[in-house]
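The block underneath contains the structure these notes are about, expressed in structure tokens.
The values are calculated or read from the model by the stated rules, or taken from the named source; none is laboratory data. Computed from a predicted structure; not experimentally measured. Note that we place each Cβ from the backbone using ideal geometry, even for glycine, and neighbour counts take in every protein chain shown. Side chains are part of the model used for accessible areas, which takes the heavy atoms of the whole protein and leaves out ligands, DNA and RNA. Shrake-Rupley method; radii C 1.70, N 1.55, O 1.52, S 1.80 Å.
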Amino acid sequence: PNTALFFLQINLRLILVSGKTKEFLFSPNDSAADIAKHVYDNWPMDWEEEQVSSPNILRLIYQGRFLHGNVTLGALKLPFGKTTVMHLVARETLPEPNSQGQRNREKTGESNCCVIL
């Protein structure tokens with residue numbers, strides 16, 4: 001039964017800014033906030049220098065994007081039984097989603113400009 005359970009879990013290799021890594025097993029129902037709390041509660045001994053004051057400032061980055069707290073691993077369609085690499089950083093706030101939207105709007109504005117010319 002344990003092997004079946006393993007395949008229903010997602011292995012995350014978390015990388016700190018310092019380059020230190022640690023692997024954790026999570027279920028597809030775990031959210032980014034759950035993961036931050038679990039890592040905070042089970043902070044690895046060799047990460048002592050990077051210890052943070054609260055799980056609320058731990059952020060996960062997957063494929064270059066910050067994961068918002070309520071996003072589950074299942075929603076990201078991560079593969080079971082394989083290792084997925086994410087970065088773990090300490091940040092008070094997340095970038096505002098609409099700032100990216102504005103940048104995109106500016107880009108489309110520029111392309112509209114070119115079409116008119």
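For the reader, a short list of remarks on this structure follows.
- When I10 is tested against the conditions (1) farther than 10 Å from M86 by Cβ; (2) of a type in the set (V, I, T); (3) at pLDDT 95 or above, the lone failure is (3).
- Unique residue being closer than 18 Å to N11 by Cβ and surrounded by fewer than 11 Cβ atoms within 10 Å (Cβ to Cβ) when the list is N70, N42: N42
- E92 open to solvent by 40 Å² or more (accessible area, probe 1.4 Å), modelled with pLDDT under 95, in contact with a helix residue (DSSP H, G or I) (Cβ under 8 Å, 6 or more places away or on another chain) and farther than 23 Å from I10 by Cα: yes
- Here N70 fulfils each of the conditions (1) closer than 16 Å to H87 by Cβ; (2) at pLDDT 95 or above apart from (1).
- Screening I15 with (1) loosely packed, with under 10 Cβ neighbours inside 10 Å; (2) modelled with pLDDT of 95 or more; (3) out of contact with any helix residue (DSSP H, G or I) (no Cβ under 9 Å at 6 or more places or on another chain) gives one miss only, at (1).
- Within region 35-77, the set of residues being in a loop (DSSP other than H, G, I, E, B) and touching a residue at least 12 places away in the same chain (Cβ under 8 Å) comprises N42, P44, V52, S54, L67, H68, G69, N70, V71, L73.
- Answer residue from region 21-34, given it is open to solvent by less than 70 Å² (accessible area, probe 1.4 Å) and assigned to a loop (DSSP other than H, G, I, E, B) and is nearest to V89 (Cα to Cα) among those: D30
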